[in-house]
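Trainee: The structure follows.
The values are calculated or read from the model by the stated rules, or taken from the named source; none is laboratory data. None of these values were measured; they are calculated from a predicted model. Counting neighbours? That spans all protein chains shown, and the Cβs are built from the backbone with ideal geometry, glycine included. Ligands, DNA and RNA are stripped out before the accessible areas are found, and what is left, the full protein with its side chains, is counted by its heavy atoms. Shrake-Rupley method; radii C 1.70, N 1.55, O 1.52, S 1.80 Å.
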Amino acid sequence: MPWYNGDYPPSYKNQPKALREKAVEIANALLLDGAEEGIAIATGLKQARELLKNHKEKTTKKN
């Protein structure tokens with residue numbers, strides 16, 4: 001079940017907004033590729049954390 005308009009898995013509830021939005025985007029893409037919902041949720045959260053961490057590191061290095 002894809003998530004849209006503020007609808008997201010319960011495990012994303014206490015995450016920061018930027019992280020939650022990226023995780024939902026990734027999880028939805030995984031669902032479209034045929035991944036199981038539980039795998040999509042976990043992978044979306046993990047990948048979103050890595051992406052935002054890497055983005056933060058790159059912007060810190062530039063400054």
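Trainee: Considering only residues that are open to solvent by 60 Å² or more (accessible area, probe 1.4 Å) and within 12 Å of Pro2 (Cβ to Cβ), which ones fall in region 18-32?
Mentor: Glu25, Leu32
Trainee: Identify, from the list Ala18, Ala42, Ala29, Ala48, the residue that is in contact with a helix residue (DSSP H, G or I) (Cβ under 7 Å, 6 or more places away or on another chain) and modelled with pLDDT of 95 or more.
Mentor: Only one candidate passes the filter, namely Ala48.
Trainee: Is it fair to say Asn54 is of a type outside the set (Phe, Trp, Tyr), more than 15 Å from Trp3 (Cα to Cα) and either touching a residue at least 60 places away in the same chain (Cβ under 8 Å) or not in a helix (DSSP H, G or I) (or both)?
Mentor: No: the conditions fail for Asn54.
Trainee: Could we say that Tyr8 is free of Cβ contacts under 8 Å to residues at least 24 places away in the same chain and crowded, with 18+ Cβ neighbours inside 10 Å here?
Mentor: Yes.
Trainee: Something else now. Would you mind finding the one in Gln15, Gln47 that is open to solvent by less than 100 Å² (accessible area, probe 1.4 Å) and outside any helix (DSSP H, G or I)?
Mentor: Going through Gln15, Gln47 in turn, the sole match is Gln15.
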